[in-house]
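S.K.: Here it is: the structure, laid out below.
The values are calculated or read from the model by the stated rules, or taken from the named source; none is laboratory data. From a predicted model like this one, the values you see are computed outputs, not experimental measurements. Backbone-built Cβ (ideal geometry, glycine too); neighbour counts: all protein chains shown.
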Amino acid sequence: MREHYFHHLSPTGLLAPNTHPRDGILNPSNDPLSFQGVGRHPQSQCIQLLECAPTTPEYNAFCKHPAVRTFVRNFMGWEQETMLQRAMMRHNCPGSLLGGM
């Protein structure tokens, strides 16, 4: 999911050139404050990609995967889990107000 997320955001220039999206390495020429998540006034070109990231078919399939749902249910000690329609994907850039990536 990490690789998918950062690949999804790659058009913004967030990632360092010649790095793999799975690694999520911030482009050192970027101001970390320009690439904070939704709610932290990200760079305008990021807003649409950040908002639609949790609506991609890949993210939806990940959330619905039986192994993921079973893990969360067992970890939390729940008899039954409920799927909520909200984003749980975040990134934090080193040097931003939110911490490390």
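S.K.: Return the residue satisfying two criteria in turn: it lies in the range 68-101 and is of a type in the set (Lys, Arg) and modelled with pLDDT of 90 or more, and of such residues it is farthest from LEU49 (Cα to Cα). Can you show your working first?
M.R.: The initial filter retains those residues of the range 68-101 that are of a type in the set (Lys, Arg), namely 69, 73, 86, 90.
If we keep only those that are modelled with pLDDT of 90 or more as well, we get 69, 73.
Details: ARG69: 25, ARG73: 29 Å.
Here the answer is ARG73.
S.K.: Looking only at residues that are among the charged types (D, E, K, R) and modelled with pLDDT of 75 or more in the range 11-52, which one is surrounded by the fewest Cβ atoms within 10 Å (Cβ to Cβ)?
M.R.: Of the range 11-52, the ones among the charged types (D, E, K, R) are 22-23, 31, 40, 51.
So of that shortlist, the ones also modelled with pLDDT of 75 or more come out as 22-23, 31, 51.
Values: ARG22: 13, ASP23: 12, ASP31: 10, GLU51: 12.
Step by step, filter the range 11-52, then rank; the result is ASP31.
S.K.: Which of (1) modelled with pLDDT under 85; (2) within 15 Å of the chain's Cα centre (by Cα) is the odd one out, the single condition THR56 does not satisfy?
M.R.: That leaves (1) as the condition not met.
S.K.: Considering each residue of the range 20-29, count those that are without any contact (Cβ under 8 Å) to a residue 60 or more places away in the chain and either closer than 19 Å to ALA53 by Cβ or touching a helix residue (DSSP H, G or I) at 6+ places or on another chain (Cβ under 6 Å) (or both), and give that number.
M.R.: From the range 20-29, those without any contact (Cβ under 8 Å) to a residue 60 or more places away in the chain are 20-23, 27-29; that's our starting set.
Next, only the ones that are either closer than 19 Å to ALA53 by Cβ or touching a helix residue (DSSP H, G or I) at 6+ places or on another chain (Cβ under 6 Å) (or both) stay: 20-23, 27.
Number of matching residues: 5.
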